[in-house]
Amino acid sequence: MSIAEDTAAQGATVPASVAMLRVLESWGVEHIYGYPGGSFNSTMAALDAEKDRIKFIQVRHEQVGALAASADAKLTGRVQVCFGSAGPGATNLLTGLYDAREDHAPVVALIGQVPTTNMNYDYFQEFAENPMFEDVAVYDRTVMTPESLPYVVDKAVREAYKHKGVAVVVIPNNFGYVQIPDTPYSSSSPTDRKPAPLPAATDEEVRTVVDMIKQAKRPIIHVGRGIQAGGEKLVELSRRLSIPLVLTGLAKGLVPDDYEANLGYANRAASKAADEAFATADLVIALGSNFPFANLIYRTHEFKFVQIDADAGRFGSHHFLDYGVWSDATTFVDKALALLDSGEVEETPATPFFRACVASNKNWREYLNKMMNRPSNPLEFEAVYKEINRVAEEDAIFSIDVGDNIINSFRYLNLTPKNKWTISALFASMGYGLPGALAAKLSFPDRQVFHIAGDGAYSMVMQDLITQKKYQLPVINVITSNASLNFIKSEQDDLSIPQHSGIFLEDQDFAMIARGMGVEAVTVTSSDELPAAFDKAVEVTKAGRPFLIDAKITDKRGLPVEELEFHVEDGKFVETINPNYNANGTLHHPETVEEFFASYDGEELLPMTYYFEQEGVEA
């Protein structure tokens, strides 16, 4: 049956697959990611019929399509769609769908199935698909009749939004061709997308938390992305209550980087002052944060723990509670500021701990600035970020892949609330950067887009650079290439194994490969070559074409501040190095903290204990 058949002659009927796509269009879906297969041909025919209203984006691997849909949903907040055909096309989607599940992104996955006339006959590529998606999906259905196809997809969109997760619809191929009544199948309504009401703290709850802050000697706020647009207000609260801020990674850009008491990030993708403050805090307030490394950071020593979250189901998930407040993070901050403004709560002058943290943070930032601005030949990674910051427009979008570039982006990349950025946060899937850049440019065509990836991650998905070429998506691709899985290499530095294992890669000429795909590219090997390369990238992308920079960097390890440890002697903090550091003997083994800093060109860095002594901070 031809999808182009004149449905008017049939009466008020429409192919079921077209009716399904019209449902997606009614929900605002503008494009759909996938790779065709025989079991999906009825939907492919419908995509051709609806091409003026919904765009098919042909990726070269279903994993890229699913990752792109996940990134798209994170960047836009809107449901996004990917598909795979029966068998391997379906299984290839799983990595991207798990990324969406873990980061709570609304995604609908359409799965091809063999025609019902061939089901249960051990037919080619036939298998039971619903069980495979049962764990990843909040909604997982096989369509049972052609007439129900648009209804089930409409229901899938609603469930994806409701649960902020993955909805899966398995579609027998023959159903899509069948003519069904041409009636409205969508339940989409203009009222669907209004913000849901959020819980708010009471004045009494806010006063309780403020009292705990005032009673503590070394309090910090651990800020998550739940602060959303309240970053500037949180800075004011931090100043007026003399409490430093430590951020989770996903909160980057929400709190101004230049605020002196924004200490940065804890754990491995960390800032020195943040890890040091966390390791000595006696009160931690988790504000709108869900920290996946809590078992590493929250268990180093005893402290009082307060959790403020709009999702009460998260209470106590990472640490037992001394006090919990069911509230939106910014609403809590607003109420705390109102109590300060009214005089019900007194402001706190800068405490010794606050002053020490600010001074240590200033010392750390001076080190980062030095590393970013010094020339390097062979090229080191810091100079690459200096150039990204130089050419990035104020509302640029960044898609950052897994590995060392996460650490380096947290430390060196300038981000503000005007930017958007996306990573594979909880699932941490390598190969995320390129699909995320595809999504960013498709959904925000007028904004500058950067894709930042290491060679290990990029080589997993680099075939889809051709997708940028095919759709003329002007993305600046920055590949930091060091022939090493350096994030894992650094982990192996601290394991008592005789040598590194399995982490060195065969180098590739990514610029030559890109040019073979018709994408302009350049290789750089020293910092003095970077400005011209990035200027060219801006020129080419402004002309509407993608560009790739293959930055051949060293495989050095960035300063691993997570190796710093604290203990108390005679009422004072003592700062030392984790005994497991350099367990395999690959690196220089320092005897002191100062020697440890110097081995990473940080001769000017001082331990937090120095600032504690200067300010009189006691354990």
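With the whole protein complex present, I553 retains an accessible surface near 20 Å², based on a 1.4 Å probe.
Could you tell me whether segment 95-238 comes out rounded, prolate or oblate from its Cα gyration tensor? Rule is a ≥ b ≥ c as square roots of the eigenvalues, rounded for a/c under 1.5, then prolate if a/b exceeds b/c, otherwise oblate.
Details: a/c = 4.54, a/b = 2.48, b/c = 1.83.
The shape class here is prolate.
Mind listing which GluC sites (Glu not before Pro) in segment 548-593 are in a DSSP loop and have 11 or fewer other Cβ atoms within 10 Å?
Values: sites: E562, E563, E565, E569, E575, E591; in loops: E591.
Passing both the DSSP loop test and the Cβ count: E591.
For K55, a cut-off of 17 angstrom between C-alpha atoms picks up these lysines, skipping any fewer than 8 places away in its own chain: K441, K469, K470. To put it simply, the accessible area of the chain at a 1.4 Å probe is 51 percent carbon and sulfur.
Relative to the longest principal axis of the Cα atoms of the chain, the long axis of helix 149-163 lies at roughly 10 degrees.
How large is the Kirkwood hydrodynamic radius of segment 558-606, in angstrom, based on all distinct alpha carbon pairs? Don't skip to the end; give the middle numbers.
Values: mean 1/r = 0.0864 Å⁻¹.
Kirkwood radius, segment 558-606: 11.6 Å.
Here's how it looks for I243: its modeled amide H is under 5 Å from none belonging to a residue 5 or more places away or on a different chain. Once you have a ≥ b ≥ c as the square roots of the Cα gyration tensor eigenvalues for segment 215-291, tell me rounded if a/c is under 1.5, and otherwise prolate or oblate according to whether a/b is larger than b/c. Taking the square roots of the gyration eigenvalues as a ≥ b ≥ c, segment 215-291 is rounded. The translational diffusion coefficient of segment 363-514, from Stokes-Einstein at 20 °C and 1.002 mPa s with a Kirkwood hydrodynamic radius over alpha carbon pairs, comes to 131 µm²/s. Protein heavy-atom accessible surface, 1.4 Å probe, per residue over the chain: 40 Å². When I285, I497 are compared by accessible surface with a 1.4 Å probe, the order from highest to lowest is I497, I285. Using only Cα atoms, tell me the angle between helix 62-76 and the longest principal axis of the chain; keep it within 0 to 90° and round to the nearest 10. On a 0 to 90 degree scale, this one is about 60.
For Cα Rg over 2.2 N^0.38 Å, one of (i) 1.04; (ii) 0.98; (iii) 1.37 was computed from the structure I shared and the rest are decoys. Which label? Answer by label: (i).
Expressed as a whole percent, how much of the Cα-Cα distance distribution for segment 376-429 exceeds 16 Å?
Of the Cα pairs, 45 percent sit more than 16 Å apart.
In terms of its C-alpha gyration tensor, segment 267-391 comes out prolate, because a/c is 1.5 or above and the ratio a/b outweighs b/c. Inter-part distance, segment 134-191 to segment 537-608, computed on C-alpha centroids, equals 49 Å. With a cut-off of 9 Å between beta carbons, the residues surrounding A90 carry a summed charge of -2, where Lys and Arg count +1 and Asp and Glu -1.
Helix 203-215 and the long axis of the chain differ in direction by around 40°, with both axes built from C-alpha atoms. A simple spin-label model places the labels of T91 and K542 4.8 nm from each other, with each point 7 Å out along Cα-to-Cβ. Where does the charge balance sit around R141 when Lys and Arg score +1, Asp and Glu -1, over other residues with C-beta under 10 Å from its C-beta? For residues surrounding R141, the net value is -1. Peptides 600-612, 193-205 ranked from most to least packed give 600-612, 193-205, packing being the mean of other C-beta atoms within 10 angstrom over each peptide's residues.
The values are calculated or read from the model by the stated rules, or taken from the named source; none is laboratory data. None of the values given here were measured: they were computed from a predicted structure. Heads up, the Cβs are rebuilt from the backbone with ideal geometry, glycines too, and the neighbour counts pull from every protein chain shown. Remember, those area values only see protein heavy atoms, side chains included, never the ligands or the DNA or RNA. Shrake-Rupley method; radii C 1.70, N 1.55, O 1.52, S 1.80 Å.
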